[in-house]
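What follows is calculated from the coordinates using simple rules that are stated; it is not laboratory data. Note that the coordinates shown come from a computational prediction; the quantities given were computed from them, not determined experimentally. Here the Cβ is made from the backbone with ideal geometry for all residues, glycine too, and neighbour counts use every protein chain on show.
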Amino acid sequence: MDYMIINGFNTSTLPGCVVTDFGKVEAARPKGEKTELFGVNGSYRVLEGSFASYERTFILHVKKMVEISNILDKFQSNDNILEFSYQLGSLLYANFITASFEPLGNHAWKLEIKLDMQPFRYPKDITPVVLTNAGTINNIGTVYSEPIIEIEGNGDVSLTIGRKTMHLSIIGKATIDCRQGKQNIFNASGAVQNTLRKRGGFFEIPVGRSGVTFTGNVRKVTIRPNWRYLV
């Protein structure tokens, strides 16, 4: 029986609820501009290093109309975490667009849910990388990752991953959220305090192995890597 898990809610817990169509899956499409250059064969494409989202429609067979509301209530406007029965152990993120439903015979309903799918697949339950000394981190995915990093220590410190370095001034702990659209620095209390960052950009961990070093009074660095795959 096919099902989907929506922000922790498993649709198979509803009697007779089945996902009958998971929709069309699109590979991650690089964003960029295509232009025609004089003297160059074909077109020239300038890539910006990011990837486009795409729309995907899911169809569910539902026994009772009241259960439609039960399913839709589990969605939030943005950043829904999804898992599908055909690919357990992988998470996808999506924004809710719309939903519609109609009777399917005398004793069931057809529910269509349209989502704006983010372009990556994330492995589930990845163990954070914890370092108390300089070391390495290995990106097992197929595209650069945008990690969430906790630095425990005090005073002026720096963190280097690969070729990128960030300098901070922290008291106790700072958390660096490197995800696009969510880039912020949080203090030890969990409040946004971007002034902790003195200079240096947010991190993107390239595919493969990268060195990790830090300076200053740093006790521990914890990296939640958010590895991801293009499909």
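The figures follow:
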| item | result |
| --- | --- |
| Dipole magnitude (debye, nearest 20) for segment 130-231, charges at Cβ of Lys, Arg, Asp, Glu | 100 |
| Segment 17-35 versus segment 125-184: alpha-carbon centroid distance in Å | 30 |
| Segment 14-146: C-alpha gyration tensor shape, a/c 1.5 cut-off, then a/b vs b/c | oblate |
| Linear extension gain, Thr215 paired with Ala188, 0.36 nm per residue minus alpha-carbon span | 7.8 nm |
| Amide H partners (placed H, <5 Å) of Glu55, local residues excluded | Met117 |
| Among Asn194, Val212, Asn10 the positive-end extreme of the charge dipole of the chain (Cβ point charges) | Val212 |
| Cβ-placed point charges (K, R +1; D, E -1), dipole of the chain about Cα centre in debye, nearest 20 | 640 |
| Restricting segment 16-113 to GluC sites (Glu not before Pro) in coil, as DSSP defines it, with at most 13 other Cβ within 10 Å | Glu36 |
| Arg56, Arg219 arranged by Cβ crowding within 10 Å, fewest neighbours leading | Arg219, Arg56 |
| Neighbour-count ranking [beta-carbon atoms within 10 angstrom, fewest first] of Asp125, Asp116 | Asp125, Asp116 |
| Karplus-derived 3J(HN,Hα), 6.51/-1.76/1.60, for each residue of segment 209-221, Hz, glycine and proline x | 9, 10, x, 10, 9, 8, 10, x, 7, 10, 8, 7, 10 |
| Cα gyration tensor shape of segment 177-231, rounded if a/c is under 1.5, else prolate or oblate by comparing a/b with b/c | oblate |
| Top positive-direction residue, dipole computed over the chain with Cβ charges, set Leu111, Tyr86, Pro128 | Pro128 |
| Cβ charges +1 (Lys, Arg) and -1 (Asp, Glu), total dipole of segment 1-107, debye | 80 |
